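Asker: Starting off with a structure, shown below.
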Amino acid sequence: MSFDAAGTPLLAAENLSLTRGGRDLFSGLSLQVARGQLWQVEGENGAGKTSLLRILAGLSRFGYEGAVTRAVNPLYLGHHSAVKALLSPRENIAWHPSGEADYAQADIDDALARVGLYGYESLPCHSLSAGQQRRVNLARLYLSNNPLWILDEPFTAIDHAGVAALQARFVEHVAEGGAVLVTSHQVLEVDCEVHRVVVGAGAAA
Amino acid sequence: MNAPGTAGFFLRLLRRQLVLALRRPIEIINPLLFFAIVMALFPLGLGPAPDTLAAFAPGVLWIIALLACLLTSESVFRGDFEDGSLEQLLLSPQPLYFSALTYSTAHWLTTGLLLALVSPVFALMLNLPASAIPALAASLFLGTGILSLIGCIGAALTVGLKRGGMLISLLVLPLYVPVLIFGSAAVRGAVEGIPVAPYLAILGAMLSLGIALAPLAVAAGLRISLDA
Amino acid sequence: MWSFFHKLGSPPWLYAISGSILRWLLPITLLALFVGAAWGLLFTAPDFRQGNSYRIIYIHVPTSVVSLAAYYIMAIAGAISLIWRMKMADVAMRATAPIGAALTFTALLTGGIWGEPTWGTWWVWDGRTTSMLVLLFLYLGVVALYEAYDNKEAASKACAVLSLVGTVNIPIIYKSVDWWYSLHQPASIKFTGESAIDSSMLYPLLLMICAFYALFTCCLLMNMRAEILQRESRTGWVRKLVASKGDS
Amino acid sequence: MYFDSLQAALYMDGHGAFVWAAYAITFIVIGLLLLTPERRRRRILRELEGEARRATGAPQSPAEGA
């Protein structure tokens with residue numbers, strides 16, 4: 001799949017300011033995420049990375065100043081994996097509440113295999129490990145045709161090989177004309193340009 | 001790989017909710033057990049005289065059904081809120097109105113409908129005349145639908161709160177009043193031999209109004225709860 | 001017109017204008033309340049059937065009327081805050097709920113006190129009393145929901161949704177309770193005797209209804225002023241206000 | 001004035017206790033309704049004023065922009 005490279009940015013934020021409990025998390029933050037770009041949001045714990053991502057994704061709709069425009073509803077992966085313990089990985093993906101697409105079962109199995117869950121497709125998820133449950137969620141990245149990804153700490157509980165595979169997937173997605181916005185404490189080891197946003201104390205927005 | 005049609009998505013979501021409920025059957029059985037146990041308390045409190053029980057039965061059965069709906073509605077969104085599924089639902093390209101309606105429908109199928117189906121047994125135990133039993137089942141069938149819709153509003157508004165349990169009763173019970181009035185009146189009407197169709201028609205009208213408006217409030221409530 | 005709306009949304013302007021409104025409205029309200037109460041208590045003739053106990057009408061009816069109207073005011077403010085995201089509508093909605101609850105409570109209480117000498121009972125499950133009780137619960141629900149949220153902005157949004165749901169329901173609740181009562185009503189008791197109210201009784205009643213509306217407005221404005229100060233405490237104009245007040 | 005004496009006004013043919021109690025309760029509620037927000041407003045102003053003094057007038061540290 002490939003996306004139209006031209007046109008308006010997928011995601012634009014203008015002059016975002018957020019105050020929580022009398023503390024300025026960020027102010028005057030602007031960014032434009034265009035197709036073909038990989039963005040990393042950096043900042044210490046409590047700096048407001050997750051708050052920023054929720055605003056950008058459209059989950060937080062008040063309490064901040066500024067304007068956000070989105071060309072599409074993003075594919076958002078948050079702290080919670082939205083994986084139901086009572087459902088199998090296959091069911092979790094097929095009946096996912098994001099309702100993005102009707103996937104063929106072969107595609108789902110293929111995506112699950114690519115996140116290392118081959119053979120686990122129909123086990124109930126509560127019998128999987130925490131890392132494997134995260135991987136169920138990450139399988140969406142191999143299925144979705146959503147151009148805009150907003151990922152909050154996607155590497156949590158993922159092993160080295162998994163992290164490398166995921167970063168390779170980011171590069172692939174960006175090369176296809178998609179855009180990725182990711183928070184992580186890790187340094188991304190990717191062979192493409194990484195745009196950075198820093199939030200929190202000492203931020204030079 | 002296009003986005004599924006609206007109807008397709010909601011059938012899928014409904015299937016997901018029902019499969020989840022069926023894989024933890026105790027959640028489905030709990031309201032029925034609650035119904036049975038509370039029903040058993042009334043003869044103990046009011047005395048076993050068949051006439052007394054029969055006189056109170058329409059109201060008692062309706063109030064227990066109402067409480068069973070109330071207690072279960074608190075958890076409609078709880079699990080999906082905690083594991084992040086609701087976030088995904090909000091970001092979905094599908095209209096949230098129908099998603100909210102789907103959650104209410106799933107709740108009704110797993111509580112209200114079952115309560116309506118088992119209510120004849122309990123009605124007989126409380127000496128409700130057999131002639132009133134169809135009216136009881138029918139009024140519960142329609143009325144619990146409204147209760148599910150209203151309960152979902154309360155659940156959506158309180159799902160983000162740690163201590164939502166008591167609060168949801170305060171929010172929802174006043175709104176249950178008309179349903180209780182017409183539901184129990186239908187049963188009492190049947191006991192007295194009055195035609196019950198008008199009562200059921202009013203319940204049906206309230207249900208239609210609820211289907212039209214309640215999902216709007218549920219959707220707004222979910223957006224607020226996930227934002228907080 | 002639009003500039004007026006714009007001003008309404010501006011906290012410093014609202015704070016200032018409400019201050020100057022209160023300066024004359026509050027004395028007038030208190031005067032009207034005292035005049036109306038004295039008129040009703042001392043200067044009207046007793047009702048020929050109920051005797052002197054009917055004098056409670058001058059507080060019972062106004063509190064009932066205003067408490068019901070207040071729910072609609074709250075819901076309208078809630079709708080404005082949800083649709084146009086006007087922060088001051090938020091503040092107004094938040095301020096209305098406790099006032100409405102207090103007035104509803106007073107109406108129920110005075111109704112009970114009226115009932116005992118007149119009909120020999122503190123409480124009857126008649127249509128109006130029951131509706132007022134449900135209204136009180138609706139108000140308390142809004143207050144409780146607001147208090148349960150830590151994030152007060154989300155709290156007001158949630159309360160706005162709840163009060164809109166309540167607004168749709170109030171006519172249904174009232175109608176159904178009325179109908180329920182007519183179904184169960186023992187035919188011997190007839191409560192409504194106001195249809196033939198004498199004009200000498202009507203004027204103080206109208207005065208009291210106006211006075212209670214004014215009282216509601218005063219309370220609303222005062223609550224809003226406190227709420228505005230709290231919400232805007234980090235802004236320049238509040239700091240300037242605090243500084244200029246000095247030690248007053 | 002309808003009543004002949006204060007006594008009569010207070011007694012009201014036996015209804016006095018009810019009528020006066022109802023009015024008293026109502027006026028207490030009115031008083032509370034009016035006093036609570038005003039006290040809250042004063043308290044907030046006092047707190048803010050204290051905060052402002054702490055921020056600007058602390059003897060050790062030079063005044064920062066308030």
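Asker: Restricting attention to region D:17-35, and to residues there that are at the interface with another protein chain (Cβ under 7 Å from one of its Cβ atoms) and under 15 Å from C:P46 (Cα atoms), which single residue is surrounded by the most Cβ atoms within 10 Å (Cβ to Cβ)?
Answerer: D:V19
Asker: Still on this structure: Whether any residue in region A:50-72 is closer than 26 Å to A:P9 by Cα, of a type in the set (D, E), part of a loop (DSSP other than H, G, I, E, B) and modelled with pLDDT under 85 is what I want to check.
Answerer: Checked region A:50-72: no residue is closer than 26 Å to A:P9 by Cα, of a type in the set (D, E), part of a loop (DSSP other than H, G, I, E, B) and modelled with pLDDT under 85.
Asker: Let me ask something additional. Only residues that are out of contact with any Gly (no Cβ under 9 Å at 6 or more places or on another chain) and not in a helix (DSSP H, G or I): list them for region B:58-76, please.
Answerer: Across region B:58-76, the qualifying residue is only B:S75.
Asker: Taking the residues in region B:122-142 that are among the hydrophobic types (A, V, I, L, M, F, W, C) and without any contact (Cβ under 8 Å) to a residue 60 or more places away in the chain as candidates, determine which candidate is nearest to the other protein chains (Cβ to nearest Cβ).
Answerer: Selected residue: B:F141.
Asker: Which residues, counting only those in region C:196-243, are among the polar types (S, T, N, Q) and over 17 Å from C:I17 (Cα atoms)?
Answerer: Once the filter is applied, which keeps residues that are among the polar types (S, T, N, Q) and over 17 Å from C:I17 (Cα atoms), region C:196-243 yields C:S199, C:S200, C:Q230, C:S233, C:T235.
Asker: Same structure again: For B:N30, which of the numbered conditions (1) crowded, with 22+ Cβ neighbours inside 10 Å; (2) modelled with pLDDT of 90 or more fails to hold?
Answerer: For B:N30, the failing item is (1).
Asker: Picking from B:G145, B:G210, which residue would you name as being under 14 Å from the mean Cα position of the chain (by Cα) and either within 12 Å of chain C (Cβ to nearest Cβ) or free of Cβ contacts under 8 Å to residues at least 40 places away in the same chain (or both)?
Answerer: Result of the check over B:G145, B:G210: B:G210.
Asker: Select from region B:90-121 the residues that are more than 13 Å from the chain's Cα centre (by Cα) and within 30 Å of B:I133 (Cβ to Cβ) and write down the one among them that is farthest from the other protein chains (Cβ to nearest Cβ).
Answerer: Checked region B:90-121; the qualifying residue farthest from the other protein chains (Cβ to nearest Cβ) is B:V121.
Asker: Can you tell me which of A:A82, A:A34, A:A101 is under 23 Å from A:L188 (Cβ atoms) and either touching a strand residue (DSSP E or B) at 6+ places or on another chain (Cβ under 8 Å) or touching a residue at least 24 places away in the same chain (Cβ under 8 Å) (or both)?
Answerer: Answer to the selection: A:A34.
Asker: Follow-up. Checking A:E65 against (1) surrounded by fewer than 17 Cβ atoms within 10 Å (Cβ to Cβ); (2) under 24 Å from A:C192 (Cα atoms); (3) away from chain B (no Cβ under 13 Å), only one condition comes out false. Which one?
Answerer: Condition (2) is where A:E65 drops out.
Asker: Same structure again: For region B:169-191: of the residues being over 16 Å from C:S176 (Cα atoms) and within 7 Å of chain C (Cβ to nearest Cβ), which is surrounded by the fewest Cβ atoms within 10 Å (Cβ to Cβ)?
Answerer: The qualifying residue surrounded by the fewest Cβ atoms within 10 Å (Cβ to Cβ) is B:L170.
Asker: Restricting to region B:77-89, name every residue that is in a helix (DSSP H, G or I) and either under 23 Å from the mean Cα position of the chain (by Cα) or farther than 15 Å from A:V83 by Cα (or both).
Answerer: Hits for region B:77-89 are B:R78, B:G79, B:D80, B:F81, B:E82, B:S85, B:L86, B:L89.
Asker: Within the bounds of region A:125-132, is there any residue that is assigned to a loop (DSSP other than H, G, I, E, B) and surrounded by fewer than 18 Cβ atoms within 10 Å (Cβ to Cβ)?
Answerer: Yes.
Asker: Another question, if that's okay. Of all residues in region A:96-116 being of a type in the set (G, A, S) and either surrounded by 17 or more Cβ atoms within 10 Å (Cβ to Cβ) or not in a helix (DSSP H, G or I) (or both), which is farthest from the other protein chains (Cβ to nearest Cβ)?
Answerer: A:G116
Asker: A further question follows. Would you be able to say whether some residue in region B:22-36 is facing chain A (nearest Cβ under 10 Å) and part of a helix (DSSP H, G or I)?
Answerer: Yes, some residue in region B:22-36 is facing chain A (nearest Cβ under 10 Å) and part of a helix (DSSP H, G or I).
Asker: Only strands (runs of 3 or more DSSP E) wholly contained in region A:144-205 count here; list those with 3 or more residues that are closer than 23 Å to A:L16 by Cβ and β-branched (V, I, T).
Answerer: Qualifying strands (runs of 3 or more DSSP E): A:179-183, A:194-198.
Asker: A further question on this structure: Please work out if C:L82 is in contact (Cβ under 8 Å) with a residue 60 or more places away in the chain and either farther than 30 Å from C:G166 by Cα or of a type in the set (D, E, K, R) (or both).
Answerer: So C:L82 fails the test.
Asker: Follow-up question, since we're still on this one. Could you tell me which of the residues A:E193, A:E176 is surrounded by fewer than 14 Cβ atoms within 10 Å (Cβ to Cβ) and either over 16 Å from A:L138 (Cα atoms) or assigned by TED's automatic domain parsing to the domain that holds A:G131 (or both)?
Answerer: A:E193
Asker: Please specify each residue of region A:133-155 satisfying the condition of being in contact with a strand residue (DSSP E or B) (Cβ under 7 Å, 6 or more places away or on another chain) and among the small types (G, A, S).
Answerer: A:S144
Asker: Filter region C:30-55 down to the residues that are charged (D, E, K, R) and buried (at least 17 other Cβ atoms within 10 Å of the Cβ), then identify the one that is farthest from the other protein chains (Cβ to nearest Cβ).
Answerer: Taking the candidates together, the pick is C:D47.
Asker: Show the residue pairs meeting these rules: Cβ distance below 7 Å; 6+ apart or different chains; first residue within region C:215-227 and within 15 Å of C:V66 (Cβ to Cβ) and facing chain D (nearest Cβ under 8 Å); second residue in a helix (DSSP H, G or I) and hydroxyl-bearing (S, T, Y).
Answerer: Once the first residue is within 15 Å of C:V66 (Cβ to Cβ) and facing chain D (nearest Cβ under 8 Å) and sits in region C:215-227, its partners that are in a helix (DSSP H, G or I) and hydroxyl-bearing (S, T, Y) give C:L215/C:T29; C:C218/C:T29.
Asker: Quick test of your reading of the structure: B:I194 fulfils all but one of (1) touching a helix residue (DSSP H, G or I) at 6+ places or on another chain (Cβ under 7 Å); (2) farther than 14 Å from C:N169 by Cα; (3) surrounded by fewer than 21 Cβ atoms within 10 Å (Cβ to Cβ); (4) within 11 Å of chain C (Cβ to nearest Cβ). Name the failing condition by number.
Answerer: The number of the failed condition is (1).
The values are calculated or read from the model by the stated rules, or taken from the named source; none is laboratory data. None of these values were measured; they are calculated from a predicted model. In this analysis, Cβ positions are derived from the backbone assuming ideal geometry, glycine residues included, and neighbour counts consider all displayed protein chains.
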